[in-house]
Amino acid sequence: MDRNDLAWTAFRASLLAPLLTGEISSEERGSYFRKLSGQAHIMPDGKLGTISLRTLRRWYQQLRTTGIDGLAPKRRSDRGQAQRDNRAKIQRAIELKREGPHRSDHVINHILRSEFGSGLASSTLYRHLGIHGATRKRLGMQKEKVRCQWTRDTPDALWMGDFSHGPIVLCDGQPRQTHLSAWIDMHSRYVVEARFYLRENLDILVDSLLRAWAKRGAPQELYADNGKIYHSRGLTLACAKLAIKKLHRPPREPEPGGLVERLFQTVQTQFISEVLICQTLSFTQLNQAFSAWLATGYHQQVHSSTGQMPDTRYHVSGRSIRHVDVTQVESYFYRHETRTVDPTYSDVSIDKRLYRVDRRLRGMQVQVQFNPFRSDPQQPDEVTLYDLQDVYLGVAQRYERERGAHGRPPAQEQPKPLLESPYIKCLLSEHQRQLGDACKAGINYQSAMQHDVLSLTQLCQHISRCMGRAGLSDLAQAEHQAIEAFYRKHPQVRSWHVPRAAEQAAGGGLPQVLWALVQLLNKESGSGQASPVQSPPKEER
């Protein structure tokens with residue numbers, strides 16, 4: 001699913017979201033569709049238009065039968081073919097729009113007809129103006145809202161989240177500014193997830209939310225400010241997939257976010273003020289001390305607005321938990337960047353990291369897909385490559401130009417010791433005792449983020465995609481049976497195993513891919529050295 005398909009899928013999912021969250025009942029579905037069909041909507045391509053009642057019903061039927069992915073538009077057969085006759089006119093239209101940002105399509109087409117003899121369709125004109133960033137922004141009217149105090153009757157009914165600046169820490173021997181990302185339950189004031197990061201962007205938001213969903217389950221509603229990262233298409237699709245209603249703070253109105261701002265003030269006065277005494281604080285030590293403060297300090301204090309401790313009020317008996325399989329939504333947050341493969345070094349650069357690309361792709365423009373919140377240390381640092389028509393090209397592993405493809409990773413500097421602080425030392429000691437008691441009770445917190453193991457359906461989809469096919473429908477019945485037999489013996493396959501196995505198979509068929517998967521799994525489990533060396537099975541013709 002490329003960016004354009006993702007935009008349309010997110011737009012359709014946002015219209016049908018009230019049906020998924022239960023806000024609109026099945027009896028009210030018809031009237032809700034009639035209301036939507038009578039309204040004008042700003043489409044993902046920038047045009048203002050309406051949606052027919054029949055189209056809305058078709059979208060809803062696709063959502064019920066095939067899920068969120070079924071809302072993606074069908075691809076045209078001539079997708080990616082260039083319109084050579086329009087290239088000069090499009091370039092001229094871009095120049096005219098940049099000279100006068102308020103020029104409409106009518107004025108631009110009038111000039112084009114006088115210079116070229118014909119104009120452009122409005123949809124074509126606006127699409128190419130959007131690609132080259134030659135569009136004007138829309139301005140809206142702001143209305144005053146009636147204020148009310150945020151609260152909910154049950155835990156996990158509503159979470160509120162935001163970012164805040166943290167202290168300066170040492171990371172790899174260099175001072176870095178930290179940012180605190182926190183999500184708080186509105187009923188109990190319990191912090192469901194909070195930690196310090198070195199950046200403040202969408203990747204950090206995704207990492208924080210995935211951790212919260214994996215540990216606490218899904219809330220009924222999610223409230224955040226009106227920042228760009230909270231309007232991302234991936235977050236919209238993930239909330240629709242998990243039946244979470246997404247709410248936003250109005251622009252230039254900080255008052256509705258007072259609860260999370262009050263949490264940040266508490267963090268500043270009780271935790272960061274003590275942390276500032278430590279002149280050699282490392283990034284790892286900062287998060288360790290903060291986790292201890294949350295567990296033994298904040299969550300164990302009686303909150304002034306509820307009269308109860310957040311831990312007691314949140315972990316009430318009989319609380320219903322909506323468990324989340326984060327693998328169902330993780331792919332919505334993958335980043336896609338367009339890069340040109342370096343013609344000299346045959347590599348691409350992503351976030352100042354270099355990835356080695358097949359030398360046959362030098363000078364080619366490619367789309368780079370990567371997981372920005374990779375948390376498994378055993379997972380290799382690599383990206384997936386596609387061409388501009390979304391055809392799979394392979395994987396590219398990280399490397400150093402100076403050392404070639406087999407250079408050693410840079411040595412990590414040992415964190416400097418934390419200065420002795422009586423308060424933080426007490427927090428860490430009490431937190432260690434709590435973790436020890438939890439382990440004795442049989443709770444395994446280390447498995448909270450083990451969410452990358454593929455199901456049988458996902459394994460079939462990944463193998464089909466890496467073999468250059470469209471999906472499950474392109475696999476023969478015998479191939480389905482072979483993959484199912486393989487999955488019964490090896491259910492521990494992860495998403496990053498499949499592209500690496502396809503790369504090692506060097507364009508071979510399904511037997512070669514499955515053989516490469518077995519070799520990867522045996523190598524990880526330590527059994528690769530014990531098994532005898534055999535040649536891979538030959539593909540039947």
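Just so you know, all these numbers are worked out from the coordinates, no wet-lab data involved. Just so it is clear, the model here is predicted, and its values are computed rather than measured. Cβ sites come from the backbone with ideal geometry, for glycine too, and all protein chains shown count toward neighbours.
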Step through the residues of the stretch 35-48 one at a time and calculate ³J(HN,Hα) from phi using the Karplus curve (6.51 cos²θ - 1.76 cosθ + 1.60, θ = phi - 60°), rounding each to whole Hz and writing x for Gly and Pro. 5, 5, 5, x, 9, 8, 10, 8, 6, x, 8, x, 7, 9
Taking every alpha carbon pair in the stretch 3-71, what does the distance histogram look like in 5 angstrom bins from 0, in percent? 3, 17, 27, 28, 18, 6, 1
Amide H neighbours of LEU393 under 5 Å, counting only residues 5+ apart in sequence or on other chains, H built in-plane at 1.01 Å? LEU385, TYR386, ASP387
Sorted by chain and number, the residues with a modelled amide H under 5 Å from that of GLU221, at a separation of 5 or more or across chains, are LEU158, TRP159, LYS245
In order over the stretch 320-326: 3J(HN,Hα) from phi, Karplus 6.51/-1.76/1.60, θ = phi - 60°, whole Hz, x for each Gly or Pro, gives 7, 10, 9, 5, 10, 9, 5
Over the stretch 334-398, what portion of Cα pair distances is larger than 21 Å, expressed as a whole percent? 16 percent
How much of the pair distance distribution for the stretch 158-328 lies past 28 Å, counting alpha-carbon pairs only, in percent? 23 percent
Scattering curve values for the stretch 84-131, log₁₀ I(q)/I(0), Debye with Cα scatterers, q = 0.19, 0.31, 0.33 Å⁻¹: -0.49, -1.42, -1.58
What are the ³J(HN,Hα) values, in whole Hz, obtained from phi via the Karplus relation 6.51 cos²θ - 1.76 cosθ + 1.60 with θ = phi - 60°, for each residue of the stretch 9-19 in sequence order, with x given for Gly and Pro? 5, 5, 5, 5, 5, 5, 6, 8, 4, x, 6
Once amide H atoms are placed 1.01 Å from N in the peptide plane, what residues at a sequence separation of 5 or more from VAL192, or on another chain, have their amide H within under 5 Å of its amide H? TRP183, ILE184, ASP185
For the stretch 456-525, state the semi-axes of the equivalent ellipsoid (square roots of 5 times the eigenvalues of the alpha-carbon gyration tensor), sorted largest first and rounded to whole angstrom. 17, 14, 10
By average C-beta atoms within 10 angstrom, highest first, the peptides 308-318, 327-337: 327-337, 308-318
With r as the distance between the Cβ atoms of GLN477 and ARG98 and R0 = 56 Å, compute the FRET efficiency 1/(1 + (r/R0)^6) and round to 0.05. 0.50
Say each of GLN270 and SER525 gets a label point 7 Å from the Cα, pointing the same way as Cα to Cβ; how far apart are those two points in nm? 4.7 nm
Quick calc: nm separation of the 7 Å Cα→Cβ label points for GLU400 and HIS165 -> 3.5 nm
Taking the Cα centre of the stretch 3-71 as the origin and placing charges on Cβ (Lys, Arg +1; Asp, Glu -1), which of PRO18, LEU36, GLY67 is farthest toward the positive end of the dipole? LEU36
Once you have a ≥ b ≥ c as the square roots of the Cα gyration tensor eigenvalues for the stretch 242-365, tell me rounded if a/c is under 1.5, and otherwise prolate or oblate according to whether a/b is larger than b/c. prolate
Tell me the label-point distance for the pair ILE111, SER14, using the 7 Å Cα-to-Cβ offset, in nm and rounded to one decimal. 3.1 nm
If the chain between GLN300 and ARG3 were fully extended at 0.36 nm per residue, the gain over the current Cα-Cα distance would be 102.4 nm
Neighbour-count order for ARG127, ARG64, fewest beta carbons within 10 angstrom listed first: ARG64, ARG127
